[in-house]
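The values are calculated or read from the model by the stated rules, or taken from the named source; none is laboratory data. Since the structure is predicted, the reported quantities are computational estimates derived from the model, not experimental observations. Cβ: placed from backbone, ideal geometry, glycine included. Neighbour counts: every protein chain shown. Only protein heavy atoms, including side chains, enter the accessible area calculation; ligands, DNA and RNA are left aside. Shrake-Rupley method; radii C 1.70, N 1.55, O 1.52, S 1.80 Å.
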Amino acid sequence: MVAGAALPEWGTLPAAYGGGAAAAWQQLKSPVVVPLLRLSVAVCLAMSVMLFAEKVYMTAVVLATRLLGRRPEQRYRWEPIRDGAGGDLEAGGGNAAARYPMVLVQIPMYNEREVYQLSIGAACGLTWPADRIVVQVLDDSTDPVVKELVQLECERWASKGVNVRYEVRDSRRGYKAGALREGMKRAYARGCDVVAIFDADFQPEPDFLHRTVPFLVHNPELALVQARWKFVNADECLMTRMQEMSLDYHFTVEQEVGSSTYAFFGFNGTAGVWRISALNEAGGWKDRTTVEDMDLAVRASLKGWKFVFLGDLMVKNELPSTLKAYRYQQHRWSCGPANLFRKMLMEIVRNKKVTLWKKIHVIYNFFLVRKIIAHIVTFVFYCIVIPATVLVPEVEIPRWGSVYIPTIITLLNAVGTPRSVHLIVFWILFENVMSLHRTKATFIGLLEAGRVNEWVVTEKLGDALRMKMPGKGFKKPRMRIADRLHILELCVASYLFFCGCYDITFGNNHYYIFLFLQSIAFFIVGVGYVGTFVPHS
């Protein structure tokens with residue numbers, strides 16, 4: 001980037017452009033603003049290079065894995081469990097009862113009025129010997145009507161011969177982790193070998209256990225088999241399409257790389273099967289962060305256990321389609337990992353059961369680059385620092401840092417969802433907007449401040465939306481202004497718009513094209529005009 005030679009200095013502009021404020025700015029700019037901005041540019045460029053290297057590395061690993069045909073079934077022993085074949089996880093299975101391991105299926109719920117029938121029905125429909133499976137519905141609902149509905153649904157399946165247990169507790173202490181921990185204390189649960197976990201909106205196919213459990217049966221070093229998510233409402237609105245692009249990259253690249261190289265990745269909290277002995281050895285469920293699933297995965301990995309990801313096994317589930325639900329989810333997913341990193345850094349460093357390379361992978365690749373730097377550099381660099389250089393032409397950003405690296409990173413992210421490549425510009429703008437929320441949450445987690453342990457269950461709509469929106473004559477519901485306005489996003493929108501106006505008036509960087517588009521995106525989210533509007537009548 002080359003600054004325009006004719007760009008006027010604020011101190012020389014007429015009073016109409018700032019007067020005393022412009023003079024004060026000129027006094028501060030050279031001794032304070034310019035050095036700080038140059039330092040910010042240097043730090044952001046360094047973080048961009050780290051993120052770029054990580055993206056290129058992961059893409060290369062995925063390509064190599066696919067070219068070499070390194071499927072999970074080839075890296076680990078897998079064969080179906082048949083009648084008469086020993087299948088006991090903990091000892092040699094010689095008797096008929098031990099041919100299939102005992103499976104516990106846990107479904108944690110909290111006021112899941114819209115989806116409880118789907119999830120319970122899917123879990124009760126899993127094909128597995130009836131005497132070797134227990135479906136455990138862990139209901140933390142506070143709505144008495146919902147609790148009654150869930151209990152009746154469990155009783156309905158029990159009357160069909162399914163071993164389904166309806167469990168409640170006195171408080172929601174520990175939220176999801178607390179519910180799963182309490183469920184494991186039941187006498188019938190202690191007799192199980194593996195546990196499959198499904199959130200309330202997940203619908204596994206009937207053969208799910210037959211495709212996952214054999215990995216645990218035949219490979220004693222494996223602790224976790226993780227399936228991929230398939231989104232039933234990805235086409236509901238533009239916001240869900242953007243989420244699909246981000247999450248598809250997470251599964252097809254990040255999870256695949258972790259599985260094929262280090263046999264480690266973060267458990268997604270659902271659509272996975274755990275070896276219960278590994279879960280217990282790792283210390284069980286803990287509620288010290290809002291990512292109890294990632295916490296468990298890291299602790300199990302430090303005990304020497306391995307994980308496998310099955311990219312071709314998909315479990316249906318629902319994306320949050322309202323902005324409010326999505327913001328709460330992203331706060332939890334950004335704050336939790338940063339807080340867990342703070343809590344576990346030294347534990348990982350001191351661990352003696354895993355190799356140095358695995359420690360480096362967990363600390364640097366998994367936590368530092370993907371969970372912290374990725375959020376911070378996206379917002380600080382693209383939404384704060386680059387726009388600021390428009391106002392301070394003394395600070396230049398090399399084109400490789402402002403154009404080439406971001407372009408390559410964006411293209412590499414797009415490989416996860418080829419069908420949405422034409423939406424890549426919208427995805428960039430939306431991700432930059434959400435990076436504000438994620439960066440704030442990341443710092444809350446690192447500093448262990450404010451809303452660090454806030455847990456809000458992601459709202460699921462199920463079929464309710466289609467029932468409430470009958471079609472042509474439907475009018476979008478009105479919402480109170482206070483419920484829709486997001487002040488931080490509107491402030492950033494104003495800042496970007498001002499920088500864009502300044503650039504188009506005095507500069508020649510042509511950043512204004514990006515600045516205006518990004519300003520519009522922040523404004524749209526700032527006034528809440530994104531996602532699905534749900535009538536509450």
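Structural size metrics of the stretch 288-361, computed from C-alpha coordinates, are Rg and Dmax of 15.3, 45 Å. Over all projection directions, the Cα-based convex hull of the stretch 355-470 averages an area of 12.6 nm².
By the rule of a C-alpha distance below 19 Å, with chain neighbours fewer than 8 residues away ignored, the aspartates and glutamates paired with residue 352 are 221, 281, 295. Taking only DSSP H segments of four or more residues, each worth -39500 (n - 2.57), what value at 222 nm results for the chain once the sum is divided by all its residues, to the nearest 500 deg cm²/dmol? When only DSSP H runs of four or more count, the value is -14000 deg cm²/dmol. Note on the chain: with neighbouring protein chains present and a 1.4 Å probe, carbon and sulfur make up 60 percent of its accessible heavy-atom surface. Considering all different alpha carbon pairs of the stretch 485-537, the Kirkwood hydrodynamic radius works out to 11.9 Å.
Dividing the Cα radius of gyration of the chain by 2.2 N^0.38 Å, with N the residue count, gives 1.07.
Restricting the count to DSSP beta bridges whose residues both fall in the chain, what percent are antiparallel, rounded to a multiple of 5? Given both bridge residues lie in the chain, the antiparallel proportion sits at roughly 25 percent. Within the straight-line cut-off of under 29 Å between alpha carbons, the lysines reachable from residue 185 are 147, 160, 176, 286, 303, 306, 316, 343, 353, 460, sequence neighbours fewer than 8 places apart in one chain being disregarded.
I need the Debye-formula profile for the stretch 253-305: one equal scatterer per C-alpha, no solvent, reported as log10 I(q)/I(0) at q = 0.27 1/Å, two decimals. Those come out to -1.17, one per q. A cut-off under 10 angstrom between Cβ atoms defines the neighbours of residue 192, and their net charge, with Lys, Arg +1 and Asp, Glu -1, is +2.
The C-alpha radius of gyration of the stretch 205-289, expressed as a fraction of 2.2 N^0.38 Å, stands at 1.26. Cα-Cα pairs above 16 Å in the stretch 160-235: how many percent? Above the 16 Å cut-off, the stretch 160-235 has 66 percent of its Cα pairs. Over every Cα atom in the stretch 17-76, the radius of gyration and the widest Cα-Cα span, Dmax, amount to 23.8, 72 Å.
The stretch 404-450: percent of C-alpha pairs farther apart than 14 Å? So the portion of pairs separated by more than 14 Å is 61 percent. Enclosing the Cα atoms of the stretch 307-398 in their convex hull gives a volume equal to 199 cubic angstrom per residue. Computed over the stretch 371-416, the Cα gyration tensor eigenvalues convert (square root of 5λ each) into semi-axes of 22, 13, 7 Å, ordered from largest to smallest. In this structure the chain gives 44 Å² per residue of accessible area when probed at 1.4 Å with all protein chains present. Charging the Cβ of each Asp and Glu at -1 and of each Lys and Arg at +1, and nothing else, the dipole of the chain about its Cα centre rounds to 480 debye.
Principal semi-axes of the equivalent ellipsoid, √(5λ) from the alpha carbon gyration tensor of the stretch 136-285, are 27, 23, 16 Å from largest down. Span-like helix criteria (full DSSP H runs; alpha carbon extent of at least 30 Å along the helix axis; mean Kyte-Doolittle hydropathy of at least -1.0) are satisfied in the chain by 34-67, 323-350, 424-447. The shape of the stretch 115-165 can be summarised by an equivalent ellipsoid whose semi-axes, obtained from the alpha carbon gyration tensor, come to 21, 10, 9 Å from longest to shortest. Count Lys and Arg as plus one, Asp and Glu as minus one, and take only other residues whose Cβ is under 13 Å from that of residue 389; the net charge is then 0. In plain terms, the chain is cut at each of the trypsin sites (Lys or Arg not before Pro) found in a DSSP loop with at most 10 other Cβ atoms within 10 Å, and the longest leftover piece is 186-351.
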